[in-house]
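No lab work stands behind these numbers, since they all come straight from the coordinates. Quick caveat: nothing in here was measured; it's all calculated off a predicted structure. Glycine gets a Cβ as well: all are built from the backbone with ideal geometry, and neighbour counts include every protein chain shown.
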Amino acid sequence: MSTKPTTTIRIDPEVKKCANEVFKEIGIGMSAAINTFLKAVIREGTMPFDIKIEHQKQHPEFGNATLNRAFIVKKDEFYTQYEDVAREMIKHRDQLKGKSILCNCDDPFESAFFRFFVLNFDELGLAGLTSTCYAESSIAGKEYPLEGATRAYKAVVTEVPDEALERPDGSLDLESLFAMSGNSLAHLSGDGDFRSNECEALLEEADIVATNPPFSLFREYISMLERHEKDFIILGNMNAATCKEVFPLFRDNKVWYGESIRSGDRKFYVPDSYPLNASGCGVDEKGRRFIRVKGVRWFTNLDTNKRHEFITLTRSFTLNEYPRYENYDAINVGRTQNIPVNYGGVMGVPITFLDKYSPEQFEIVMLANGNARSNVSSETLDQVGYRQHSEDKGGVGIINGQRVYARILIRRKSS
């Protein structure tokens, strides 16, 4: 049965910030504190403290260990910034028009994906939006909890109100959104795991998937999308491109990078109990904890303009600058920008080549890494003149007896 969020609370930003500082010391979040207060009201049958017109202590003492968070934080429970979602999705507006979008790895009310698609629903001309959360997420259901035992639920949107959904304080008018007959907010039968039969059925109904899957499950996630032959635009770490489940998709032009992220690190929001023990981590002006992750990319099979742009080549081939591998009939190119303009054979380029790869300009032959011999067919190994070397540990290129970093073996296409 469809249910609705219990309430939306407006809190003065400065009050929320100061309260969050206290709750941070205790080890709980704002929602847990509010729920604790409401339970105390029910238990006492009145306000659980005397209301007096006097100054209270700024930092009262708390000793109740039962207030500590009960859920274990997943190390990859990251929430993407709205700006990053908007910057990429707007580049695919023509491909999104008339489509049903699924965000199946996001709490609907914490997700920047859900927020972006709801706020731009009519402008993008979407047919529908479905967003689901995972029951074991430490953040799911905290801000807008539903009645009932399970914490996994789905939000379905097929229309949005004519009036603005975003309130002055930045919150969404969810009551108006889910009061519309075509929309619903309901419990899932299971825990919301994207691999469950229930969630795979939602995947089958969707036209395009847009989400930030757990980085630790990225290979399994993208394999599922490929199995269901779905269009998608998802966030992942660029290192995933070298995995045996993912690299063949790049090689066969079934996946490529999106347009808006090609370098640098990205900021992700994390649950309140996530440890901030690395450089670049912190708490923003709204009291939300964040970390920065390097090497993040959009992975997609929606066409982009950038992937058809040729790399401008200016360097000429010389034997001194481009040494040959001892175990491949190929030369080593240390940087993508140094690909020689006058060499027609096989070349080994860095993984970052994928940021500038155009399928009309180059052909990807294989990935020369430690698993090359087990992941590549004997026919392909013959094409690149592979010969086993005592130091290659499975297929990494060797120069002067030394292993080099993993390289993508490419060749130029005939113009």
Dimensionless Rg over Rh [the range 375-415; C-alpha; Kirkwood]
1.01
On each of the three principal axes of the Cα atoms of the range 211-353, give max minus min coordinate, whole Å, ordered largest first.
56, 38, 31
Residue-count net charge about Ile339 - beta-carbon cut-off 14 Å; Lys, Arg +1, Asp, Glu -1
+4
For q values of 0.14, 0.17 Å⁻¹, compute log₁₀ I(q)/I(0) with the Debye formula on a Cα-only model of the range 263-322, without solvent.
-0.67, -0.76
Quick note, the range 190-294: a/c under 1.5 would make it rounded; otherwise a/b > b/c is prolate and the rest oblate (a ≥ b ≥ c, C-alpha gyration tensor); here it is oblate
Grab the other residues whose beta carbon is less than 12 angstrom from that of Met238, score K and R as +1, D and E as -1, and report the net.
+2
What per residue convex hull volume, in Å³, do the alpha-carbon atoms of the range 287-375 yield?
179
Note: His228 to Asn342 extended length (0.36 nm per residue) minus current alpha-carbon separation gives 36.9 nm
